[in-house]
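Right, one structure below, let's go through it.
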Amino acid sequence: SLGAPSLQVGGFHWAEARTSNKLGSAHQQVAPMAKIRKVEVRNFRSLKSFEWYPTEGLNCLIGPGDSGKSTVLEAIDMCLGARRNLSFTDVDFHELKYDAPISISVTVGELPQPLKSIEEYGDYFRGFEAPGKLLDEPKKGLEPVLTVQLLVEADMEPRWRLNSDRTADVHPARM
């Protein structure tokens, strides 16, 4: 049975599977787990503008109550999670200002092989260089990454897309 969290991007779903045998439990990797390289949240609940480059290893969000820690985690889940039946209301918009859209972008790296397809995702690849340097153009020596964006405008309808500045006008939505 599947026992570890999974991640879905662009219709591709991967997870770590757990299998049992006579010797006990064993881990069998179905596909590698992508790593979050950057999180950007705009106009979502208590967060007017938030940008974060998680580091390797364990990352902790520390702060006083009502400072937005849970909002960051929920934003990541809304953007990358498998649910596509999210509902938004005016209270989800920062200071109830629904004239400015909610934008949640999560950039993932260490992509599994199916997400490295040039034919399928090449226009959307970006380049990442640690620590915290994200370029819209992929270049030799930079890690190829994909950015998933969740956008919610005044109509309250969530829209997901793969995001790249160089493809925004050519390919308005890809999900």
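The values are calculated or read from the model by the stated rules, or taken from the named source; none is laboratory data. Everything numeric here is computed off the predicted structure, so don't read it as measured data. Note that each Cβ is placed from the backbone with ideal geometry, even for glycine, and that neighbours are counted across all protein chains shown. The area values use the complete protein model at the heavy-atom level, side chains included, leaving out ligands, DNA and RNA. Shrake-Rupley method; radii C 1.70, N 1.55, O 1.52, S 1.80 Å.
Side notes on the structure shown:
- Just one residue in the set E95, E110 is open to solvent by 70 Å² or more (accessible area, probe 1.4 Å) and either closer than 16 Å to L146 by Cβ or in contact with a strand residue (DSSP E or B) (Cβ under 6 Å, 6 or more places away or on another chain) (or both); that residue is E110.
- Those residues of the range 125-156 which are charged (D, E, K, R), out of contact with any Gly (no Cβ under 7 Å at 6 or more places or on another chain) and at pLDDT below 95, in sequence order: E129, K133, D136, K140
- Any hit, the range 59-66, residues being outside any strand (DSSP E or B) and either closer than 13 Å to I36 by Cα or under 14 Å from the mean Cα position of the chain (by Cα) (or both): yes
- Across the range 160-169, not a single residue is classified as among the polar types (S, T, N, Q), open to solvent by 50 Å² or more (accessible area, probe 1.4 Å) and at pLDDT below 95.
- Residue check for G122: at pLDDT 90 or above, over 18 Å from F44 (Cα atoms) and open to solvent by less than 40 Å² (accessible area, probe 1.4 Å): yes
- In the range 125-138, of all residues being among the charged types (D, E, K, R) and more than 22 Å from G57 (Cβ to Cβ), the one that is surrounded by the most Cβ atoms within 10 Å (Cβ to Cβ) corresponds to R126.
- If you go through the range 44-92 and pick out every residue that is open to solvent by less than 60 Å² (accessible area, probe 1.4 Å), more than 19 Å from G109 (Cβ to Cβ) and of a type in the set (S, T, N, Q), you end up with 2.
- Across the range 139-159, the qualifying residues are those that are out of contact with any helix residue (DSSP H, G or I) (no Cβ under 9 Å at 6 or more places or on another chain) and farther than 15 Å from P101 by Cα, and the one among them that is surrounded by the most Cβ atoms within 10 Å (Cβ to Cβ) is V145.
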